[in-house]
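> Encoded as structure tokens, here's the structure I'll be asking about.
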Amino acid sequence: MAQVIEWKNPGPEDIVWRHPEEEITWGAQLIVREFEAAVFFRDGKAYDVLGPGRHTLTTLNLPLLTGILSRIAGYREKPFKANVIFVSTKVFAGKYGARAQTTELAPLQVHGTFWFKVENPQLFVMEVVGGQNAYSTEDVNNYLRGFLNEKIIDELSRYDLLAVFTKLDETSIATKNAILDAFKRIGLDLTDLRFEGVDTTPEYRDRLFWLKQTRAAEEVLRMETVKEATKELGKSPGAALGTGMVLIPQIMTPTGPAPTPAAALVICPNCNARVPATSKFCLECGKAITAPSTGTTNCPNCGHPVLTTAKFCSECGNKLK
């Protein structure tokens with residue numbers, strides 16, 4: 001009676017199963033059901049893959065394995081050793097949960113659901129089942145959960161706290177694309193990934209609320225840097241003092257454009273109101289301002305107010321008499 005190799009009564013959540021018998025006879029009957037693949041694994045390598053159907057095992061449908069066995073004299077008459085790994089190609093759902101950090105080292109707790117399927121059975125058996133000794137569904141799930149958590153942690157470390165919480169859709173799409181590429185390298189297809197919960201500590205949650213209200217993220221970071229700098233200065237009042245006296249003003253200085261200096265003022269000769277030096281008429285009484293009584297006169301070339309003691313006009317450079 002011919003040997004029969006099949007995966008009997010797989011459960012709805014079963015991803016992988018290894019046939020217990022390693023000795024296989026030529027002419028054995030291999031039964032592979034729909035949404036399954038059978039991978040022949042030997043000496044740490046995955047060889048031939050057979051899809052759904054009833055197969056009589058010969059050198060014709062196991063060409064890769066035959067190439068290895070052909071080095072053994074009389075291999076056609078003897079049973080050969082190999083593991084037959086059955087892999088389900090259905091879509092499976094899994095849960096993940098990880099602790100990550102943002103660019104400013106804000107702690108994150110994330111969890112959700114991901115859906116995947118085996119796209120390349122040979123690569124999957126090579127990288128995960130054989131490579132990680134994950135010969136059961138539980139082993140595979142544990143490995144994938146850790147693999148996925150690691151990739152999520154790496155991806156979220158590229159974003160700041162505000163981006164994670166206010167642009168979650170963009171963040172989740174970028175994370176999914178990064179994990180999609182990583183899954184393909186181990187023979188899997190990530191069909192979907194969802195963030196179902198994202199949280200941080202109460203301290204950072206309060207900070208996030210303030211950031212969302214003011215959008216003053218840069219100012220917050222600058223103030224926190226000042227607090228950290230002054231804390232360090234307090235620890236070492238001697239050598240650190242000189243550094244701190246230079247560091248803190250630089251931190252506190254805004255990075256935006258410098259403020260515009262205030263305009264010069266003159267006194268109206270009629271009502272003594274202070275008006276901009278460039279004014280031709282008083283803003284209070286309307287009288288023409290031609291010769292202010294504060295030791296200034298008008299440049300005969302451009303009309304700009306200048307001091308009576310000035311030798312040159314500060315506006316056009318004209319020499320004054």
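Each reported figure results from applying straightforward, stated rules to the coordinates on display, with no laboratory input. None of the values given here were measured: they were computed from a predicted structure. Here Cβ is always computed from backbone atoms with ideal geometry, including for glycine, and neighbour counts include all displayed protein chains.
> Using a Förster distance of 22 angstrom, determine the FRET efficiency expected from the C-beta separation of residue 160 and residue 111, and round it to 0.05.
The pair residue 160/residue 111 has a calculated efficiency of 0.60.
> Where nothing but the Cβ of Lys and Arg (+1) and of Asp and Glu (-1) is charged, how large is the charge dipole of the range 4-88 around its Cα centre, in debye to the nearest 20?
Numbers: 10 positive and 11 negative charges, 68 e Å.
With only Lys, Arg, Asp and Glu charged at Cβ, the dipole is about 320 debye.
> What FRET efficiency, computed as 1/(1 + (r/R0)^6) with R0 = 45 Å and r the Cβ-Cβ distance, is obtained for residue 101 and residue 45, rounded to the nearest 0.05? Could you put the intermediate results ahead of the total?
Details: r = 39 Å, r/R0 = 0.86.
After rounding to 0.05, the efficiency reads 0.70.
> Which value in nm describes the separation of the simple spin-label points at residue 283 and residue 60, placed 7 Å from the Cα toward the beta carbon?
With each label placed 7 Å out from Cα toward Cβ, I get 10.1 nm.
> Further, regarding this structure: Could you check the spin-label model distance between residue 318 and residue 170? Points 7 Å from the Cα along Cα→Cβ, value in nm.
Going from the residue 318 label point to the residue 170 one covers 5.5 nm.
> Multiply the residue gap between residue 210 and residue 271 by 0.36 nm, knock off their C-alpha separation, and tell me the result in nm, one decimal place.
Numbers: separation 61, 0.36 × 61 = 21.96 nm, distance 4.93 nm.
Gain on stretching residue 210 to residue 271: 17.0 nm.
> Right, next: Run the paramagnetic zone check for residue 203: 7 angstrom along Cα to Cβ, then residues of the range 69-108 with backbone nitrogen under 13 Å.
105-108
> Scan the range 51-155 for GluC sites (Glu not before Pro) in coil per DSSP, keeping those whose Cβ has at most 10 other Cβ atoms within 10 Å, and list them by number.
Details: sites: 77, 104, 119, 127, 138, 150, 155; in loops: 77, 104, 119.
When the GluC sites (Glu not before Pro) of the range 51-155 are filtered for loop state and at most 10 Cβ neighbours within 10 Å, 77 remain.
> May I pose another question? Take the residue pairs 8/176; 8/45; 117/151; 8/151 and return only those whose Cα atoms are more than 28 Å apart. Intermediate values should be presented prior to the final figure.
On the way: 8/176 35 Å; 8/45 25 Å; 117/151 18 Å; 8/151 35 Å.
Over 28 Å Cα-Cα: 8/176; 8/151.
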